[in-house]
1. Of the residues B:Val124, B:Val110, B:Val128, which is within 17 Å of A:Ser104 (Cβ to Cβ), at the interface with chain A (Cβ under 10 Å from one of its Cβ atoms), within 16 Å of DNA strand C (Cβ to nearest atom) and aliphatic (A, V, I, L, M)?
2. Quick check: anything in segment A:226-239 in contact (Cβ under 8 Å) with a residue 60 or more places away in the chain and crowded, with 24+ Cβ neighbours inside 10 Å?
3. Here are some residues: B:Val155, B:Val167. Which one is touching a strand residue (DSSP E or B) at 6+ places or on another chain (Cβ under 8 Å) and farther than 30 Å from B:Gly222 by Cβ?
4. Quick one: which residue in B:Ala313, B:Ala293 is among the small types (Gly, Ala, Ser) and closer than 17 Å to B:Met262 by Cα?
5. So, in segment A:156-191, how many residues would count as being closer than 19 Å to A:Arg102 by Cβ and out of contact with any Lys or Arg (no Cβ under 6 Å at 6 or more places or on another chain)?
6. Out of the residues in segment B:36-69 meeting the condition of being facing chain A (nearest Cβ under 8 Å) and closer than 25 Å to A:Asn66 by Cα, tell me which one is surrounded by the fewest Cβ atoms within 10 Å (Cβ to Cβ).
7. Only one residue in A:Leu346, A:Leu318, A:Leu327 is over 15 Å from the mean Cα position of the chain (by Cα) and either part of a helix (DSSP H, G or I) or surrounded by 14 or more Cβ atoms within 10 Å (Cβ to Cβ) (or both). Which one?
8. Considering segment A:96-142 alone, what residues qualify as being surrounded by fewer than 16 Cβ atoms within 10 Å (Cβ to Cβ) and either touching a Leu at 6+ places or on another chain (Cβ under 6 Å) or under 19 Å from A:Ala170 (Cβ atoms) (or both)?
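The values are calculated or read from the model by the stated rules, or taken from the named source; none is laboratory data. As the structure is a prediction and not an experimental result, all values here were calculated from the model. No Cβ is skipped: glycine too gets one built from the backbone with ideal geometry, and neighbour counts run over all protein chains shown.
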There are 2 protein chains.
Amino acid sequence: MAVKKQPEALTSRATAGGRATSYDVARHAGVSQSAVSRCFKQGASVAPRTREKILAAARELHYYPNAIAQGLITRRSNLVAIIISNLTNLYYPEVLAELTQRLSAQGIRVLLFSLAAESDVDEVLDQVWRYRVDGAIVAARLHPEQLAAFADRGVPVVLYNRIGEGVPVASVCCDSVSGEHALVDGLVEGEHHVFGIIAGPADSYVGEERVEAARRRLQQLGRDCRIVRGNFDYASGDAALKELMRMTHRKMDALICANDLMAIGAIDSARINFGLEVPQDLSIVGFDGVGPATWLAYQVTTIRQPVRRMTEAAVAMLIERIERPELSPEQRLFAGELLSGNSARLA
Amino acid sequence: MAVKKQPEALTSRATAGGRATSYDVARHAGVSQSAVSRCFKQGASVAPRTREKILAAARELHYYPNAIAQGLITRRSNLVAIIISNLTNLYYPEVLAELTQRLSAQGIRVLLFSLAAESDVDEVLDQVWRYRVDGAIVAARLHPEQLAAFADRGVPVVLYNRIGEGVPVASVCCDSVSGEHALVDGLVEGEHHVFGIIAGPADSYVGEERVEAARRRLQQLGRDCRIVRGNFDYASGDAALKELMRMTHRKMDALICANDLMAIGAIDSARINFGLEVPQDLSIVGFDGVGPATWLAYQVTTIRQPVRRMTEAAVAMLIERIERPELSPEQRLFAGELLSGNSARLA
DNA sequence: ATCCTCTTTGCATTCGAAGTCATTTCCTTT
DNA sequence: AAAGGAAATGACTTCGAATGCAAAGAGGAT
């Protein structure tokens, strides 16, 4: 059995250009390491004069508590993983910025994972486990087993704009159904007759939900529609419009797009490739309320997601669950706001 | 002097729903903790049969090495901070996604900091020091003292699209001078006479550099110009155009914008607010090559930044410096590519 | 069987801060 | 002045993995 060395045997690294430790500060201030630790902890018992001495020493040595060491001993990394699949979507950067700033404000750091392909998910999760994140916010498609892995490991998750498929998971979504109903109702009352829909990629939860909601509502109101699939980007809006024009013999007078970017692509295509007036000849609506939707040239009629409220809710839900892991999985649905815009003749 | 406890006194957490440690795996496989550690380390000496046993145990217990503990002992967190000021810029999401994916591919994790206001920088840096990141990529304005702090702490930095002001720091930039020269030369040869410039916010490095390059070149070619300041966003392109039209009595026939987003705002404004044809009545050029610049409605004549090559260089430079901190600060300048587009009559 | 080398393995220690517990200090009260 | 109690402080251990070092084992040559 070995005998433990005393702290004073440690050499100071503070002066050697490296980073100071709590021991360095302790020695410099003539106190124990425990005192230094307490000094940086909220509500710990330290005499005012001692605190002063220690803080002065800390300043002098440029001491910053090592979050890695803190994480090890407290079992709280103060890290949250944010997993996002397609950052180039125009919609997600805003969400990411909001989430990051809100988490920062709560003293939580963001470990960002951006997926190039869905197949990378497992590698990403591997890293998520290794870093012992306190929680995760996910805006990417996960298999049920992958979601279950979070539960197994006791890592709280909040899904953003998607729900757990088969697995109960906390989530924050923008209500596709009410949004699409508002759009469809407006279009129908606006005397449109031939409807087209541009769907998102098949593996997008919100994409499918929006299209399904729109289709159902049209059906309820006795209207038929043609559906073509896009992939959420500008070019696919253009391509899908061309396809729909072919299918409907150019009779289409209302187009519902699963997101704004495709709506914008379709608007440009209608005007430039088909010489149509939007909305006189063709009404086009989108979903999301991204920045370009309000540009003068477009003024897309769309449903704006309440990003601030949604991110606020996501962060709040996650933090709640980090602090009280027993909380049940809750789904929060936010109604979007109808932006009347100028790209559709709504009643 | 206290006597050290033996590892077997530790209780297993592997079965308790928590996370398995290397001790749990060791006990399960009937070996020592050191063996487990070696087993997960590249090129360490472990007998094949032992390795098998350990890997099997690890799989069974869902063991993932604790990156926090590894970081503490090895003094390598494998974390890199990415500090970005305005994520909503349309240009940065692409950069961020590229950087994140490239770093991931190198086994490095990204700690993301998104600034709401410049004043937040110091709080962000505080966190950067605490997490003992191995390096940082910065696309935000830092004071010389803030840059110096990185050097003091031996944390390598690479600046993205900005250079160290007064402090030598590694950086990756897109060449504003050659880019603006190409644009200006094209415009001048294209028989334009009344020039306007929409600058970026005064605190933007690239903004100032681009405008200065354009202004100088115009001067060299004996052309005068009016300059109005925007803030890089769409609305400010519109506002600045109005201001310039007022200043030049609507005679302006060439407009140089410090970025694409303002160019797009100006194009829309020219068409919609002033009934002008672009480029027949007014040529407008931008800078960046963001997604919307290639949309059918705009087809902005601009300089596209080679984002892939730039991010690749930034990551490579950072990793080099993490491994060999003595490397000198290098500045790498990438030439942009002229996208001829359709928003300007170039010669 | 003996000796020597090379590979495997385990022990003990270390990274830096947090927290438990025992001890000391300080102040108040009588 | 003594006693009581609260506040302040320090010694020591702990988190989980990496690693220097010594011991043990395997294999080869003689």
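1. Every option except B:Val128 fails the conditions.
2. Yes, segment A:226-239 has at least one match.
3. B:Val155 is the lone residue from the list that is touching a strand residue (DSSP E or B) at 6+ places or on another chain (Cβ under 8 Å) and farther than 30 Å from B:Gly222 by Cβ.
4. One residue alone meets the criteria, B:Ala293.
5. Summing the residues that are closer than 19 Å to A:Arg102 by Cβ and out of contact with any Lys or Arg (no Cβ under 6 Å at 6 or more places or on another chain) in segment A:156-191 gives 9.
6. B:Ala69
7. Matching residue, one of A:Leu346, A:Leu318, A:Leu327: A:Leu346.
8. Once the filter is applied, which keeps residues that are surrounded by fewer than 16 Cβ atoms within 10 Å (Cβ to Cβ) and either touching a Leu at 6+ places or on another chain (Cβ under 6 Å) or under 19 Å from A:Ala170 (Cβ atoms) (or both), segment A:96-142 yields only A:Gln106.
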